[in-house]
C-alpha cells in the first residue's frame, strides 16, 4: 500500500529520494527534476515542501514543491518523479492541497523532454499549458564564428566574490518578472557556483569599462555543453552583444572538448529563436510549464497523510 507523506524540506530528503531519482533518470534518459529543484533539494530543501510516496520503507514517488513569497506569481512550482503516471497524478493532487492550505494561488508544474504537451501527467491532471520551452541543440563539429564583441566591450570569466553583486544586478534587470531566473539572491548564486559543474571561466561577462552589460553562463556535463543562461542588460540591447556572447560561449565549450551544445528557450520568443536558429541550433523537444489556479481551502492543515 502506497502512503503519501508531506513534510517541510530538510537535508535528509535528498538521501531518501536519491535511488528513486536515479531509477527514473535511467528509465527516461534525463533527470526527473530540473536544475533549480535539484539544487534546492541538495542544499537542504529550504523553502520547499517534500511530498514522498512510500511503499513500505521504499520511496516510490517524490514531489518537490518550491514556494515563492505570498503574493508572488506563481505561489509555488512543483515537479514530480514517479515511474507510475497515476502516482504522479496523486502527487500533483497533494501539491494542490498544500497550496490551498497556504491560502491558494497559482501553481506551476514543469514537465521535461515533452513530445506531446497534451499527454503528460500534468495535462491529464487538469493543468493547462502556461509556457513552452524549446530544447535546441547544435553540433560543435563546425567551426564557431568569431565572437566579434562590440567596440569597447571586453569579455572575460567570472571572478567569485568580486563580480557577484554586478552579476546579480544585471541578472535582475535582464530577467525582471521571470519566474525562475529572475530575482536571484546571493544564496541562490552561492548554491549554483558551489555545484560540482561550476567553472568560473565558463561564466563569461561582457564589460564596458567598469559597467557589466551582459553574460553567458555555460555548463559542461561530459562532452555536452549547455547555454545555461544568456542575459543582456536592457540598456545594452541592440548592440549585437547577445550574438557575440553566444559565440564566445560556444568557442569556450568547443575548447573544453564538447561535441554538441544544448539550450532552452521560450518558444514564444521569436527574436531568441531566430538568433539560435541562425547560429546553427535546431529544436529537439519541449520543456512545458503548466498552471492551475488553486482556491484557498476553507479549513486546512499544514500536512496531509494518505
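The values are calculated or read from the model by the stated rules, or taken from the named source; none is laboratory data. These numbers were taken from a predicted model, which means no experiment stands behind them. Note: ideal-geometry Cβ built from the backbone for every residue, glycine included; neighbour counts use all protein chains shown.
Per the listing 134, 148, 95, the residue uniquely in contact with a helix residue (DSSP H, G or I) (Cβ under 9 Å, 6 or more places away or on another chain), in contact (Cβ under 8 Å) with a residue 40 or more places away in the chain and not in a loop (DSSP other than H, G, I, E, B) is 134. Against the numbered list (1) touching a helix residue (DSSP H, G or I) at 6+ places or on another chain (Cβ under 7 Å); (2) assigned to a strand (DSSP E or B); (3) not assigned by TED's automatic domain parsing to the domain that holds residue 215, residue 275 comes up short only at (2). Restricting 290, 228 to residues that are touching a helix residue (DSSP H, G or I) at 6+ places or on another chain (Cβ under 6 Å) and at pLDDT 95 or above narrows the list to 290.
When 43, 12, 81 are screened for being surrounded by fewer than 21 Cβ atoms within 10 Å (Cβ to Cβ), within 16 Å of the chain's Cα centre (by Cα) and either modelled with pLDDT of 95 or more or not assigned by TED's automatic domain parsing to the domain that holds residue 186 (or both), only 43 passes.
Screening 223, 267 for residues that are under 21 Å from the mean Cα position of the chain (by Cα), modelled with pLDDT under 95 and either buried (at least 19 other Cβ atoms within 10 Å of the Cβ) or farther than 22 Å from residue 149 by Cβ (or both) leaves exactly one candidate, 267. If the condition is being touching a helix residue (DSSP H, G or I) at 6+ places or on another chain (Cβ under 7 Å) and farther than 18 Å from residue 37 by Cα, then segment 77-92 contributes 83, 85, 89.
Of all residues in segment 151-175, those satisfying the criterion of being part of a loop (DSSP other than H, G, I, E, B) and out of contact with any helix residue (DSSP H, G or I) (no Cβ under 8 Å at 6 or more places or on another chain) are 151, 152, 161, 162, 163, 175.
For segment 116-131, the tally of residues that are surrounded by fewer than 15 Cβ atoms within 10 Å (Cβ to Cβ) and part of a loop (DSSP other than H, G, I, E, B) stands at 2.
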